[in-house]
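A.B. asks: Can you read through this structure? Questions will come right after.
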Amino acid sequence: MAGSESADPGVEAVVNRIMIDEFECAEAALRPEALLNEYLSLDSLDGVDLVVALEKAFRCRIAEEEARGIKTLGDIYAKVRSRLAGAAAPADGGGA
């Protein structure tokens, strides 16, 4: 398990738990390349519920335009990591 990417296993674990608990997805099906609507059988209403669950779990905002671009479970992992990294960035842009 090489860590060349800044993968946060905590993000994947929380997202996967949401997928299992809220959408009754089989744990074995939860792979980064899994297509949400085809492979995991999520419809557009499930997509809205998923975004709400992600926003609550990670205390972040995912804009509608961004949510439309999410096609795979891997996209979710990347979007959440991006949001969390943005939240952790310093608020001010410059030095003292």
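A.B. asks: Along its three principal axes, how long is region 9-82 when you only count alpha carbons? Whole Å, largest extent first please.
C.D. replies: 28, 25, 19
A.B. asks: Under the rule of at least 5 residues apart or a separate chain, name every residue whose amide H is placed under 5 Å from the amide H of Leu42.
C.D. replies: Under 5 Å from the amide H of Leu42 lie the amide H atoms of Asn37, each far enough along the sequence or on another chain.
A.B. asks: Report the charge-dipole magnitude of region 9-82 in Debye, nearest 20, computed about the Cα centre from +1 at each Lys and Arg Cβ and -1 at each Asp and Glu Cβ.
C.D. replies: Using only the charged Cβ atoms, the result is roughly 360 debye.
A.B. asks: Let me ask you something else. Collect residues whose amide H, placed 1.01 Å from N in the peptide plane, falls under 5 Å from the amide H of Thr72; neighbours closer than 5 in sequence don't count.
C.D. replies: Leu36
A.B. asks: Could you tally the net charge around Asn37, taking each other residue with its Cβ under 11 Å from the Cβ of Asn37, Lys/Arg +1 and Asp/Glu -1?
C.D. replies: Its environment carries a net charge of -2.
A.B. asks: Towards the positive end of the charge dipole of region 9-82, with charges on Cβ (+1 Lys, Arg; -1 Asp, Glu), say which of Tyr77, Ala67, Tyr39 has the farthest Cα.
C.D. replies: Comparing the listed Cα positions along the dipole, Tyr77 ranks first.
A.B. asks: Which ³J(HN,Hα) values in Hz, rounded to whole numbers, follow from the phi angles of region 9-19 under the Karplus curve 6.51 cos²θ - 1.76 cosθ + 1.60, where θ = phi - 60° and Gly and Pro get x?
C.D. replies: Each residue of region 9-19 in turn: x, x, 4, 4, 4, 5, 4, 4, 4, 4, 4 Hz.
A.B. asks: Let me ask you something else. Sort the following peptides by mean Cβ neighbour count (other Cβ atoms within 10 Å, averaged over residues), highest first: 58-68, 15-25, 73-83, 31-41.
C.D. replies: Order by mean packing, descending: 73-83, 15-25, 31-41, 58-68.
Taken together, the values in this text are just the output of simple stated rules run on the coordinates, not laboratory data. The model shown is predicted, which means the values in this text are computed figures rather than measured ones. FYI the Cβ positions are ideal-geometry reconstructions off the backbone, even for glycines, and counts take in every protein chain you see.
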